[in-house]
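*Asks:* This is the structure, below, for whatever I ask next.
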């Protein structure tokens with residue numbers, strides 16, 4: 001590497017590696033299953049390995065001196081590897097590993113800043129461009145973007161949490177229907193029509209829960225659930241039933257969780 005290129009690398013790397021770690025948020029409408037996200041996480045680790053493997057060996061062994069002190073390039077790359085491996089290990093059905101994704105995206109954003117300012121002829125450039133595609137998919141599945149802005153909220157609800165929210169919609173709606181049966185202040189025709197709408201709501205919640213548990217896409221089914229809830233809401237607004245309201249509020253709370261998980265506006 002020429003002395004000019006080395007100086008350019010040193011300046012850029014100091015600025016790029018100066019601040020690795022911080023959280024981020026946003027939301028998308030196409031929710032991926034846990035299996036899909038796990039595959040992306042594995043691709044991020046593989047992409048990281050290919051990128052590091054194609055960097056100039058002399059550069060990887062160098063030490064950068066800057067305003068914040070010395071930075072060993074090899075150590076910084078090791079930190080990145082540790083973070084992607086930790087993410088692979090921590091991501092489970094009952095843990096979406098948001099903090100670990102935050103760290104990987106933050107480190108990746110710093111590297112991306114460096115790569116964009118480096119010569120296009122640098123070794124590892126093509127491998128990093130391929131890695132960026134993996135990182136964009138990872139960020140999107142956690143409701144944010146890549147490069148990831150400072151202060152972004154990085155969060156995902158895994159399949160179990162989302163399926164539980166769908167089940168809660170159905171359970172609360174069933175209890176609401178029980179209270180509706182007792183509502184003598186509501187005319188029978190209106191009550192019977194509302195009961196059919198609530199039964200449809202319960203059935204749709206079960207469909208959403210089933211699809212999520214099977215790892216299938218469920219965005220369209222959640223939209224149908226929202227529409228069905230709006231139909232019942234029209235009845236609730238026109239026929240307030242105090243005894244049934246706590247259960248209806250539970251329906252709304254669990255539905256809001258589903259809307260957040262799928263990135264659907266409330």
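The values are calculated or read from the model by the stated rules, or taken from the named source; none is laboratory data. Note that the structure is predicted; figures quoted are calculated from it, not measured. Using ideal geometry, Cβ is built from the backbone for each residue, glycine included, and neighbour counts are taken over all protein chains shown.
*Asks:* Within segment 155-192, track down each residue that is outside any helix (DSSP H, G or I), touching a residue at least 60 places away in the same chain (Cβ under 8 Å) and surrounded by 14 or more Cβ atoms within 10 Å (Cβ to Cβ).
*Replies:* Hits for segment 155-192 are 155, 156, 157, 158, 183.
*Asks:* Take residue 46 and tell me if it is surrounded by fewer than 16 Cβ atoms within 10 Å (Cβ to Cβ), more than 22 Å from residue 120 (Cβ to Cβ) and at pLDDT below 95.
*Replies:* no
*Asks:* Could you pull out the residue among 70, 89 that is without any contact (Cβ under 8 Å) to a residue 24 or more places away in the chain and within 21 Å of the chain's Cα centre (by Cα)?
*Replies:* The conditions single out 89.
*Asks:* Check whether at least one residue in segment 87-94 is over 16 Å from residue 37 (Cβ atoms) and either assigned by TED's automatic domain parsing to the domain that holds residue 40 or outside any helix (DSSP H, G or I) (or both), and report yes or no.
*Replies:* No; the residues of segment 87-94 include none that is over 16 Å from residue 37 (Cβ atoms) and either assigned by TED's automatic domain parsing to the domain that holds residue 40 or outside any helix (DSSP H, G or I) (or both).
*Asks:* From the list 211, 223, which one is under 24 Å from the mean Cα position of the chain (by Cα), in a helix (DSSP H, G or I) and surrounded by fewer than 17 Cβ atoms within 10 Å (Cβ to Cβ)?
*Replies:* 223
Yes/no matrix, rows are residues, columns are (1) within 26 Å of the chain's Cα centre (by Cα); (2) within 14 Å of residue 177 (Cα to Cα); (3) not in a helix (DSSP H, G or I):
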| residue | (1), (2), (3) |
| --- | --- |
| 196 | no, yes, no |
| 234 | no, no, no |
| 245 | no, yes, no |
| 259 | yes, no, no |
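*Asks:* Something else: Restricting segment 133-146 to residues that are crowded, with 18+ Cβ neighbours inside 10 Å and closer than 15 Å to residue 111 by Cβ, which is farthest from the chain's Cα centre (by Cα)?
*Replies:* Filtering segment 133-146 for residues that are crowded, with 18+ Cβ neighbours inside 10 Å and closer than 15 Å to residue 111 by Cβ, the one farthest from the chain's Cα centre (by Cα) comes out as 134.
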